[in-house]
Structure formats: structure tokens, C-alpha cells
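Student: Would you mind keeping the following structure in view while I ask a few things?
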Amino acid sequence: MGSASAASLPTSAGAGENLVLILDFGSQYTHLITRRVRQLGVLSLCVSGTAPLSSLAGLRPRAVVLSGGPHSVHAEGAPSFPEGFLDFAAGAGAHVLGVCYGMQLLVQTLGGAVEPGVRQEYGDMEVEVTAPSSALYGEQGKRQSVWMSHGDEVVRLPEGFEVVARSVQGAIAAIEHREKRFYGLQYHPEVTHSPQGMETLRHFLFDVCGIKADWKMQDVLDEEIKTIKSMVGPDEHVICALSGGVDSTVAATLVHNAIGDRLHCVFVDNGLLRYKEKERVMSTFNSDLHLPVTCIDASEKFLTELKGVKDPEMKRKIIGREFIVVFDEFAHMLEQKIGKRPEYLVQGTLYPDVIESCPPPGSGRTHSHTIKSHHNVGGLPKDMKLKLIEPLKLLFKDEVRKLGSILNVPESFLKRHPFPGPGLAVRVIGDVTAGNALEVLRQVDEIFIQAIKDAGLYDEIWQAFAVFLPVQTVGVQGDQRTHSHVVALRAITSEDGMTANWYDFERPFLVDVVKKICNNVRGVNRVVLDVTSKPPATVEWE
């Protein structure tokens, strides 16, 4: 799990009185803490737990949450908050809540003892509130089911702390030191497997910390417009890369609101678009969004560079590089036209993109053990001439859609399923230029998506698409033996793309869509359904 750098935080993020700061120590659930707090109407920002103290200067959090993590506090190189952090929190009057690893780190730092557990606790576990007047639990019931995930356990508390809950196995599950405003939970309240966890967070934020639920998407919009105006000089021009998806469209509309006609949008046909995507998207840009968009056909260049390339990371890097070449050329063309070279490039990078392209705290790496690089995060060349503007990089997809609604982006656009930056290159397994793979995939994908729309299922599904497999199998079509291609169908439900479940279609729908594909797409004689959740799989196949 990665986190936003301190440099990427909104300039006035600490100006309000109700900021919750999440220090990320590598848990796969850290992003969920950030989301849960925001769902309660409170601004939460996630930064690396090992960031230097100076990077937090100016922030005045009312609460700080120390996240979980995969490490042991005893391991060499285990991540820890910077020296002086607890004094910083005390000076801000902040309440500090340690979750799992965060609780153990807090205990060890303050002089308590953490040791390997005699009985490690993973998964569902009952805990019992043992203190009748616990600040953490308030009026919540005596017993609740929670999600445990720890090998070490607290065996001795620092001075002044009280045990307020224990697991049924006797391990310390919750602690507090009201006078110093230190609290700890050995389990994960942010996950759905802790049914009362959201209520515990709500009680902690509003009743214990006294925070008000006063954060709204309108605040985000106002802040971002102010940030863009301060970043981009009054005579400077900006290029925006439009993909036709929700993220880049909302980003473009936001920046257009900030700087007007000094924004120049470009839509690149890279040869990796969906069926009739260019025609459909350009029509919407012109008729509904009224954005000035230049369409550049660079498909031949992209596909030439991708010829013979099978490694998915290499494909992403090539696509990222070629996009920047196109943008640089577009910037040069604009310079000839307006007499000034654009300095900035807008991209619709989201928080999950940043997370999946960042190194986990405590990994000792300056680069991520990457799940996948995103061309708008991990695939940009180091010598890129344009400076990036990423107004959405602290937001999740559902938050971007809310922002787009405020900006009057058409609902039909806001409800579009996500589409990856590298396009169909990550949906053709292997060489995208081999045979007629792209054309076959476009036809299959169009049939699948249209069937979903016709069945009234489109809005129930987070993302649906087809995948072209480098596999041929024997079949029988028209009473003749065939040796044709296999395609896979994938549809998922999700809140933010960080975790996902596969969508369970009814059998008649699948029977109908498979029949349509095999009858109408020449060269396909077998269709398979991907029923893997994330994790262990990712959303895309590459």
C-alpha cells in the first residue's frame, strides 16, 4: 500500500479544524480507513508513516490514525513514525488511534512490551469490552465480532494505559490513555468483517475527538480550483489528455473552470480504443461538454512500437512513452499557434492509481514492488518536458463522480465503466498486433457491453469487459471443425477498484451473450467467464 506524499497534499489541508491524518505503515486496508472517515463526512488524508516530520508542518489534525502493516515491530527496518511525531500530535491537540501494527508501535514507543503471540489471531474473532466506561466504545455492547490479523501481541502496557477490551482468547484488543489522548485497537474496525467497526470509528471521531462532519465535495472543488490557479500563471497554457473516461473528463472540466480557454484538450487515438470509441467520445465532448478538443490519430505509431512486445509492463511503458511524445508534439504545435509553449499536462490520476504504483512503507525500496504501473503514474519518462497537474489524485472513483456531478458533467459520462489508460493493450494477452486480435476483441466487447445495457445491468456493475486470449481451441461451427480463438468475459462489483467481487450473472443472460458472440464474431469458438475476485486477481488481466 502506498500513500500520497506530503508534497501532494492540498495547500490548505491543515487549515480546517476537522482534519484526520492517516499514517500509512503498509496495511492493505489503509485506504479503507481513509474512505471510512470520508464517508462520515470528515476530511482524511493519508501520508506515509515514515515521512519526515517537516513534511507535516502546517497540518493541524484533530485525530491521527496509525495504520496496520505487515511488519513486526521487532523486525530490522520495521517502519516507525519520525522522531518527535508524538510531540507534534500533542502540540496539535490531536487524539492518536493505533490500529493493529499501529497500536503495537505506539505501545513499544511509549515503553510497553510487544511479543510474538502464543496464539496468533487471524480472521473473525469475538472481543469483549472489559471497561464499563470505555471512551472508545461508549454505549456499544459488551461483545462484538471483529477482524483480527496479527502475530505479535501487546503483553505489557505503558504507564497510564488501561485495557478496555480483550479477545475471547485473552489477548489485549483495545487500550486507551484518556489524559494523553492515546488509543489502540488490535483489530481492523475499517473492514466489513468488523460489523460494529464503523460505529466505533464514528464514536471515536465525533464523541471522543469532537470532530464535526463538515467536509463536502464542494470543498474539494473550491480547493482544487484555488490550487490550480496558484500553480498555473496567468499567461501559462495547459494541455489535458482526454481519454473519454470519467477521470480525465472530470479533471478537464475542473481545470477548464479554473483557467478557461488556456486549457487545450487532446484526444489520442492510439489504435487501442474500443469499438467506435473515437466517434462516440468526440461527439460527446463537442455537443455536451463544450470542451475544445483536438483529435490526433497516432494509432500507426503506437502499434508499430508495440509490435512483437508481449510483456505487460513493457507494453505499459511503451504506451506511456508514446503518449508523452504525442503530447510534446502537440505542445510544439500549440507554441507555433499561440506563441507560447504549454508548461503543464493534466491527467486524471486517482488515489488507487497512486497507491498501486507506490512502494509500501518499510519495504526499503524507492520504487514499488509494482502490482502494475499505470501509464499516468508509473510509465512516464524521466525526461518529460511537461509538468503534471493531477487534481483528482487524492480521490476515489465514487468521489470523482460526485465531483463531476457538481461540475454538471452529463450523467451518462459519469456512469461510464472505468477504462484503463493503456486501453485494449492490457486486454489482449501478449502481442496486441498479432493477427486480428484487436478487431476480434472490439466486436466481442461491444456485444458483451450492449447485452449488459439491454438487460438493465450496466449500473449494477463497476466494470465489464472482454479479454482476448492467445489460445486456440477445437470447436464445431456450421458442421465443420474449427480451430479458433478463446475470449474471456469479466464483470466485477466494487466501491473503489481496490477490492472487487465478480458479478454473478443469471444463466439465461450468459447463454444468450455467448451465443451472440460465437454466431457473430468470426474466429471465436469458445467463451470463458472470469470468476476471480480482487484479491487474489487484479481487475485487468495484465
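Student: Within the set of pairs 6 or more residues apart or between chains, which connect a residue that is assigned by the TED database to the domain that holds residue 234 inside the range 327-353 to a residue that is in a helix (DSSP H, G or I) and among the basic types (Lys, Arg) with Cβ atoms less than 8 Å apart?
Tutor: The qualifying pairs are 350/397; 352/397.
Student: Any idea which residue in the range 134-155 is farthest from residue 180 (Cα to Cα), counting only those that are assigned to a loop (DSSP other than H, G, I, E, B) and open to solvent by less than 40 Å² (accessible area, probe 1.4 Å)? Steps first, answer last, please.
Tutor: Going residue by residue through the range 134-155, those that are assigned to a loop (DSSP other than H, G, I, E, B) are 134-142.
Then drop every residue that is not open to solvent by less than 40 Å² (accessible area, probe 1.4 Å), which leaves 134-138, 140-141.
Numbers: 134: 15, 135: 13, 136: 14, 137: 18, 138: 18, 140: 23, 141: 25 Å.
By that ranking, first place goes to 141.
Student: Could we say that residue 456 is on the phi > 0 side of the Ramachandran plot and modelled with pLDDT under 95 here?
Tutor: No, not satisfied.
Student: Still on this structure, please answer the following. How many of the residues in the range 228-241 are open to solvent by 10 Å² or more (accessible area, probe 1.4 Å) and within 21 Å of residue 288 (Cβ to Cβ)?
Tutor: Matching residues across the range 228-241 total 1.
Student: Look through 490, 526, 522 and report the one residue that is surrounded by fewer than 19 Cβ atoms within 10 Å (Cβ to Cβ) and within 24 Å of residue 470 (Cα to Cα).
Tutor: 522 is the lone residue from the list that is surrounded by fewer than 19 Cβ atoms within 10 Å (Cβ to Cβ) and within 24 Å of residue 470 (Cα to Cα).
Student: If you don't mind, another one. Given the conditions (1) among the aliphatic types (A, V, I, L, M); (2) under 24 Å from residue 398 (Cα atoms); (3) open to solvent by 70 Å² or more (accessible area, probe 1.4 Å), and given that residue 466 satisfies all but one, which numbered condition is not satisfied?
Tutor: The single condition residue 466 does not satisfy is (3).
Student: How many residues, within the range 172-198, are open to solvent by 10 Å² or more (accessible area, probe 1.4 Å) and free of Cβ contacts under 8 Å to residues at least 60 places away in the same chain?
Tutor: 7
Student: Evaluate the following for residue 2: is it under 17 Å from the mean Cα position of the chain (by Cα), assigned to a loop (DSSP other than H, G, I, E, B), at pLDDT below 90 and not basic (Lys, Arg)?
Tutor: The answer is yes for residue 2.
Student: Might you check whether a residue that is under 27 Å from residue 218 (Cβ atoms), open to solvent by 10 Å² or more (accessible area, probe 1.4 Å) and either at pLDDT 95 or above or of a type in the set (Gly, Ala, Ser) (or both) occurs anywhere in the range 440-452?
Tutor: no
Student: Taking only the range 93-114 into account, find how many residues are open to solvent by 10 Å² or more (accessible area, probe 1.4 Å) and of a type in the set (Gly, Ala, Ser).
Tutor: Qualifying residue count for the region: 4.
The values are calculated or read from the model by the stated rules, or taken from the named source; none is laboratory data. All values reported here derive from a predicted model rather than from experimental measurement. FYI the Cβ positions are ideal-geometry reconstructions off the backbone, even for glycines, and counts take in every protein chain you see. For the accessible areas, the whole protein counts, side chains as well, though only heavy atoms, and no ligand, DNA or RNA atoms are used. Shrake-Rupley method; radii C 1.70, N 1.55, O 1.52, S 1.80 Å.
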